[in-house]
Amino acid sequence: MNAFRLDSRVAVITGGARGIGYETARLFVAAGATVVLLDLDGEAAAKAAAELGPQASSAQLDVSSEADVTRVFDSVVTAHGRVDILVNNAGMALRRPTTELSLADWQRVVDVNMTGVFLCARAAATHMLRQKSGAMVNTASIMGLSGGGLYPNISYQASKGAVVNMTRALAVEWAASGIRVNAVAPTWVDTEFIGALKSQPELLGQIRRITPMGRLAQPMEVAHAILFLASPAAAMVTGHVLAVDGGYLAQ
């Protein structure tokens, strides 16, 4: 079981204040890692880090800002000396029909879900390449591997599809340098992120019906998959997209 330990590793988690990001941080701390929680909501990130104890710290970060990303990752290395793990988890969604989605709103989703992953991966790799080691786990989605169907969500689906192929491309580019890049593709997860959907019982029932296991995922179930991909247990795994979807994509 030592292969799942993260002792002496420094892990950076974007979107770390709540949901999947927070549960991943909690699991990483239990596995021995030093964790830095990054979130647009800096106050929530600080509160989450305080709950996790002395192995955790936090910083406010807008993943869509190149200057912000560079500054924060440099500060992490200044404070901790290295970056061993990046969990690219920050994301957003604007669920609207394509003909009603403005270019500005399209761009907002792309800036966070796609460009944010690129900027953070690039910043982390700058340090990992010097170490000749590192692991990245991107949060993609089943919507990056399917067309959805229950409601229109084109900007989310397109941006998460980009995360899937970015994961593969970066894995190939950096494999010889000791950096592994993988992704998880969760189904609907029982978090605040889908709060609007959870307030619609009929839609929630449809989601359960089209999921073979008949339920939403729990954030810790996704965190477990992230821990595997980030840990030495997955030493020969790179470029992989691990669905955590209750069988949705198997249909």
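Among the residues of the stretch 2-50, those that are on the phi > 0 side of the Ramachandran plot and either out of contact with any Lys or Arg (no Cβ under 6 Å at 6 or more places or on another chain) or among the hydroxyl-bearing types (Ser, Thr, Tyr) (or both) comprise Ser8, Gly15, Gly19. Only residues that are touching a strand residue (DSSP E or B) at 6+ places or on another chain (Cβ under 6 Å) and either polar (S, T, N, Q) or within 23 Å of Arg95 (Cα to Cα) (or both): list them for the stretch 105-138, please. Hits for the stretch 105-138 are Val117, Asn138.
Say whether the condition of being of a type in the set (Gly, Ala, Ser) and surrounded by fewer than 17 Cβ atoms within 10 Å (Cβ to Cβ) is met by at least one residue in the stretch 187-195. Checking the stretch 187-195: at least one residue is of a type in the set (Gly, Ala, Ser) and surrounded by fewer than 17 Cβ atoms within 10 Å (Cβ to Cβ).
Scan the stretch 100-112 and give yes if some residue there is modelled with pLDDT of 95 or more and either at positive phi or in contact with a Gly (Cβ under 8 Å, 6 or more places away or on another chain) (or both), otherwise no. The answer is yes; a qualifying residue exists.
Select from the stretch 3-40 the residues that are of a type in the set (S, T, N, Q) and under 14 Å from Leu229 (Cα atoms) and list them in ascending order.
Within the stretch 3-40, Thr24 is the sole residue that qualifies.
Against the definition (in contact with a helix residue (DSSP H, G or I) (Cβ under 8 Å, 6 or more places away or on another chain), under 21 Å from Val184 (Cβ atoms) and of a type outside the set (Val, Ile, Thr)), how does Ala90 come out, yes or no? In short, yes.
In the set (1) closer than 20 Å to Met220 by Cα; (2) in contact with a Gly (Cβ under 6 Å, 6 or more places away or on another chain), the condition left unmet by Val63 is number (1).
Residues of the stretch 198-251 being part of a loop (DSSP other than H, G, I, E, B), crowded, with 20+ Cβ neighbours inside 10 Å and touching a residue at least 60 places away in the same chain (Cβ under 8 Å), which ones? Correct list: Ser231, Thr238, Asp245.
In the stretch 186-197, how many are part of a loop (DSSP other than H, G, I, E, B) and either of a type in the set (D, E, K, R) or in contact with a Gly (Cβ under 6 Å, 6 or more places away or on another chain) (or both)?
Total satisfying the criteria: 3.
Of the helices (runs of 4 or more DSSP H) entirely within the stretch 102-183, those holding at least 2 residues that are of a type outside the set (Phe, Trp, Tyr), in contact with a helix residue (DSSP H, G or I) (Cβ under 9 Å, 6 or more places away or on another chain) and buried (at least 22 other Cβ atoms within 10 Å of the Cβ) occupy 116-131, 154-174.
The values are calculated or read from the model by the stated rules, or taken from the named source; none is laboratory data. Here the structure is a predicted model, which is why all the values come from computation and not from measurement. Heads up, the Cβs are rebuilt from the backbone with ideal geometry, glycines too, and the neighbour counts pull from every protein chain shown.
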